[in-house]
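Asks: Please see the structure below; I have some questions.
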Amino acid sequence: MTEALPEDGEPDEYTEDVLSVVERIPTGLVMSYGDIAEYVGRGGPRQVGAVMSRWGGGVPWWRVVRADGRPASGHEVRALSHYAGEGTPMRPGSDRVDMAKARWDGRTRG
């Protein structure tokens, strides 16, 4: 099932669900776009990315990464600053989050 972005400028239920998950990601941990789609139970990584692109400025957007641990395109410098400040585990010698250590499952507090 494909989720559409709201047309009227107000977030729809899917958007609210995605943003709610992002708001709950603990400090120093991350979820991938696909993780969030799976947790919400609908949509996919691209739909989550579209929500984050349009509505994600008010939530900890840097905690949503690509499956390989890369931050959102165009926001790498700001994201890396947040990761350093939060103590997010990073892959050695890389600008990627260590997904094995930093991935949040949506249940535990990390």
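Asks: Which of 85, 104, 32 sits closest to the plus end of the dipole of the chain, meaning its Cα is farthest towards the positive end, when Lys and Arg get +1 and Asp and Glu get -1 on the C-beta?
Replies: The residue sitting most towards the positive pole is 85.
Asks: So, one more: For the chain, give the percent of accessible area contributed by carbon and sulfur heavy atoms, probe 1.4 Å, rounded to a whole number.
Replies: On the way: 2910 of 6160 Å².
Carbon with sulfur: 47 percent of the solvent-accessible area.
Asks: What is the diffusion coefficient of the chain in µm²/s, taking the Kirkwood radius over Cα pairs and the Stokes-Einstein relation at 25 °C with a viscosity of 0.890 mPa s? Display every interim value, and only then the final one.
Replies: Numbers: Rh = 13.9 Å.
For the chosen part, D equals 176 µm²/s.
Asks: For the chain, take the longest principal axis of its alpha carbons; what is the angle in degrees between that and the long axis of helix 45-55, to the nearest 10 within 0 to 90?
Replies: 80
Asks: Follow-up question, since we're still on this one. Give me, ordered by chain and number, the residues 5 or more places off residue 32 or on other chains with an amide H under 5 Å from its own placed amide H.
Replies: For residue 32, whose amide H was placed from the backbone, the distant partners under 5 Å are 65.
Asks: A further question on this structure: Label points 7 Å out from Cα along the Cβ direction at residue 23 and residue 101: separation in nm?
Replies: 3.0
Asks: While we're here: Using the crude model of +1 on Lys and Arg Cβ and -1 on Asp and Glu Cβ, and no other charge, please compute the dipole size for the chain relative to its Cα centre, in debye to 20.
Replies: Numbers: 14 positive and 17 negative charges, 137 e Å.
Dipole about the Cα centre, nearest 20: 660 debye.
Asks: Please calculate how many Å² of accessible area the chain carries per residue, with a 1.4 Å probe and no DNA, RNA or ligand atoms counted.
Replies: Numbers: 6160 Å² over 110 residues.
About 56 Å² of surface per residue is accessible.
The values are calculated or read from the model by the stated rules, or taken from the named source; none is laboratory data. Predicted model only: the values in this text are computed from it and were never measured. Positions of Cβ are backbone-derived with ideal geometry, glycine not excepted, and every protein chain shown enters the neighbour counts. Surface areas here come from the heavy atoms of the whole protein model, side chains and all, with no ligands, DNA or RNA. Shrake-Rupley method; radii C 1.70, N 1.55, O 1.52, S 1.80 Å.
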